[in-house]
Ligand code: PLP
């Protein structure tokens, strides 16, 4: 897709991944739960994929649960929490995607105390988090990379603060991190970060849509909420999406392998856009040290108007979070919660990059932005 600057919402499918999807669809037509030869072959391919995904993420294979996407992964975590007969305190960042934040009212209804932690100048400090922990705290949910501004949070440092509190108080706190916009974009090791759970999505890394993963450090101790089927150790019932998972794993392997080269290219395009916008006097909302893949700025017009005008010129951007249905309201809310003024949030536009973008496209985008400013 030419002039596509909305890769934080979804990416194009890598042709090598599409080949794998087609190959796997044809090769594994049997149900992976069937005990005949074809079923066993499908099971083997599926479990091999789990092993490869775990290896790519430097995790144990029993920690990986394949799902239909990050939203489902997040739902498994929070729905399981809601079954806890004795609610406690949940510390949740105000930067979270709708998939997480939509659980806040439900948790409150079930008697949970909710403590919203707001980033200050684009950061959530380990000291601030530590100061909020108490003996009632049961879960902390902080994403690794925000999907609107690209803000990167220091998950390793934040988890360390939680583990320190655990040691001092002899109490276990569950740390969940939504890592959808981090996979293949920032360097991390799940084991080193020591999170208890993390969510991932295939369509953000040039895989097919409708596929994702949940990392669960100790899946054996996790309460299964899914009824029927019993697949994925009861955590996610339903016939496995073998081709989708094999394509996802291929996408993850390619994405991680090509990270360095892609990062360099994306950083260059990011700086062309950032410098171009700054030169034209636009306010950039994304912090300097945010993910190179996302730049949000304040446009002249309300977000939807700018998006439409650019779309008419053949450039595709988004405002707020285009990956959730009620994007306008939730995107603006997240931005204001992250310290962006309401008027700027109304006019915010997100430009998100991928391996597909070229420098020429970046210059053309800046020209198009200049043109629509003067209409
Ligand atoms: N979390 C973040 C940070 C996202 O950007 C998205 C985007 O859609 C999601 C979760 C939901 O992912 P999925 O579409 O795989 O459910």
When averaged across all projection directions, what area in nm² does the alpha-carbon convex hull of segment 258-373 cover? 7.1
Calculate how many DSSP beta bridges within the chain are antiparallel, expressed in % of all such bridges and rounded to the nearest 5. 55
Report the dimensions of segment 145-208 along its three principal axes from the alpha-carbon atoms, largest first, rounded to Å. 43, 22, 17
Sorted on mean Cβ neighbours within 10 Å (highest first), peptides 247-258, 160-171 come out as 247-258, 160-171
Relative packing of 179-185, 342-348, 143-149, which averages over residues the other C-beta atoms within 10 Å, highest first: 143-149, 179-185, 342-348
Spread of Cα-to-Cα distances over 10 Å intervals beginning at zero, given as percent, for segment 15-256: 8, 32, 35, 18, 7, 1
I need 71, 12 ordered by Cβ neighbour count within 10 Å, fewest first. 12, 71
Residue-averaged [θ]222 nm for the chain, counting only DSSP H segments that reach four residues, each worth -39500 (n - 2.57): -13000 deg cm²/dmol
Histogram of C-alpha separations across segment 107-181, 10 Å bin width, %: 18, 50, 29, 3
I'd like to know how segment 137-245 sits against the 2.2 N^0.38 Å rule of thumb: what's its Cα Rg over that expected value? 1.18
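Read-outs throughout are calculated quantities, based only on the coordinates presented, and are distinct from any laboratory measurement. As the structure is a computational prediction, the values presented were derived from the model and not from experiment. Methodologically, a virtual Cβ is constructed for each residue, glycine included, from the backbone with ideal geometry; neighbour enumeration extends over all protein chains shown.
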